[in-house]
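Undergrad: I have a structure I would like to understand better, so I am pasting it below and will then ask my questions one at a time.
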Amino acid sequence: MSDPLGIRLDSCAALVTGSARGIGAGIAVRLAALGARLFVADVLEAPARTVVEAIRERGGRADFLALDVADESSWQEAADAVRAAEGALDILVNNAGIYLAKPTAETALGDFQRIVSVNLAGVFLGTKHCLDLLIEGGGRRSGGASIVNLSSAAGLIGSRVAPVYSMTKGGVRLLTKSHALEFARRGIRVNSVHPGLIDTEMGAEALRGRSPEGDREQLERAREAASRGHPIGRLGTASDIAGAVAFLASDAAAFVTGIELPVDGGVTAQ
């Protein structure tokens, strides 16, 4: 795949969580096209294996990893599998996440705990259990190893319709900065990407949260309003996010750590 920055990820091992579909699948396919050996990690086995086959059909290298990011033992098993296959990890993309559009008064404690376990604890556990692999990977690259955490524009500004989701993504932002400082002398860069509304299944879920009645006409109006709400004038795509992740994962970003990169069509510039 031709890249405008000349980025290549040959000889890199990369693990992308939540990569069975949507943004995660787009990231996995892009990194593989740039030469990385991919671990497509998800709880959704069938669509994840479809992503693996798509990568292989294009000449890439990929394997499926069964992974529940909220389960510590699942992370340990995934890290062991990566070590057995590659011995080290160069790129970790903590992408897996879920969305919740409920007012605070209607949010059950179970809802709160579930979204925290996936969106925030999942990032912590992934970093914790892949740390030794990333230290080893960082030692073999001039730009070091790279962790890219997927946050959200809602991790930079508050959300009236999804307050708890926004809270988890804000937590990802500050965990990223703290880990960037903690691991700066250990050969690991850590950055976060903050998408706006992306044209994926989760994006459609967010639109449904803005149109409670859910009829087709109301959903289309919500989509048009969301497009206009991005100064660029459209919703984002998985490819938009994948390009940003590829840059941060590469040696082109060798002096970049601890940043929050909005890829939001200008939403947070307003």
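Undergrad: Checking the structure you have, find out if any residue of region 261-270 is touching a Gly at 6+ places or on another chain (Cβ under 6 Å) and outside any helix (DSSP H, G or I).
TA: Taking every residue of region 261-270 in turn, at least one turns out to be touching a Gly at 6+ places or on another chain (Cβ under 6 Å) and outside any helix (DSSP H, G or I).
Undergrad: For region 156-193, enumerate the residues that are crowded, with 21+ Cβ neighbours inside 10 Å and either within 13 Å of the chain's Cα centre (by Cα) or not in a helix (DSSP H, G or I) (or both).
TA: Within region 156-193, Ala162, Lys169, Val172, Thr176, Ile188, Arg189, Val190, Asn191, Ser192, Val193 meet the criteria.
Undergrad: Let me ask something else about it. Among the residues of region 227-270, write down those that are closer than 10 Å to Pro195 by Cα and charged (D, E, K, R).
TA: Hits for region 227-270 are Asp240, Asp264.
Undergrad: Would you mention how many residues in region 61-85 are touching a Ser or Thr at 6+ places or on another chain (Cβ under 8 Å) and crowded, with 16+ Cβ neighbours inside 10 Å?
TA: 4
Undergrad: Okay, moving on. What are the residues in region 178-195 that are of a type outside the set (Asp, Glu) and over 12 Å from Leu261 (Cα atoms), if any?
TA: Ser178, His179, Ala180, Leu181, Phe183, Ala184, Arg185, Arg186, Gly187, Ile188, Arg189
Undergrad: So which strands (runs of 3 or more DSSP E) stay within region 1-76 end to end and still have 1 or more residues that are farther than 22 Å from Ser192 by Cα, under 17 Å from the mean Cα position of the chain (by Cα) and in the same structural domain as Ala253 (by TED's automatic domain parsing)?
TA: 61-66
Undergrad: If I filter region 101-121 for residues that are in contact (Cβ under 8 Å) with a residue 12 or more places away in the chain, acidic (Asp, Glu) and crowded, with 22+ Cβ neighbours inside 10 Å, do I get at least one hit?
TA: no
Undergrad: Further question: Among the listed residues Val172, Val148, identify the single one that is touching a strand residue (DSSP E or B) at 6+ places or on another chain (Cβ under 6 Å) and closer than 20 Å to Glu72 by Cβ.
TA: Of the residues listed, the single one that is touching a strand residue (DSSP E or B) at 6+ places or on another chain (Cβ under 6 Å) and closer than 20 Å to Glu72 by Cβ is Val172.
Undergrad: Which one of the conditions (1) surrounded by 14 or more Cβ atoms within 10 Å (Cβ to Cβ); (2) without any contact (Cβ under 8 Å) to a residue 60 or more places away in the chain does Arg58 fail to meet, given that it meets all the rest?
TA: Against the list (1) surrounded by 14 or more Cβ atoms within 10 Å (Cβ to Cβ); (2) without any contact (Cβ under 8 Å) to a residue 60 or more places away in the chain, Arg58 comes up short only on (1).
Undergrad: Output the residues belonging to region 211-263 that are of a type in the set (Ser, Thr, Tyr) and buried (at least 19 other Cβ atoms within 10 Å of the Cβ).
TA: Matches in region 211-263: Ser250, Thr257.
Undergrad: Would region 127-147 turn up any residue that is more than 28 Å from Phe247 (Cβ to Cβ) and of a type in the set (S, T, N, Q)?
TA: Among the residues of region 127-147, not one is more than 28 Å from Phe247 (Cβ to Cβ) and of a type in the set (S, T, N, Q), which makes the answer no.
Undergrad: Among the residues of region 141-155 satisfying the criterion of being within 27 Å of Ala105 (Cα to Cα) and part of a loop (DSSP other than H, G, I, E, B), which is farthest from the chain's Cα centre (by Cα)?
TA: Selected residue: Ser152.
The values are calculated or read from the model by the stated rules, or taken from the named source; none is laboratory data. The model shown is predicted, which means the values in this text are computed figures rather than measured ones. Positions of Cβ are backbone-derived with ideal geometry, glycine not excepted, and every protein chain shown enters the neighbour counts.
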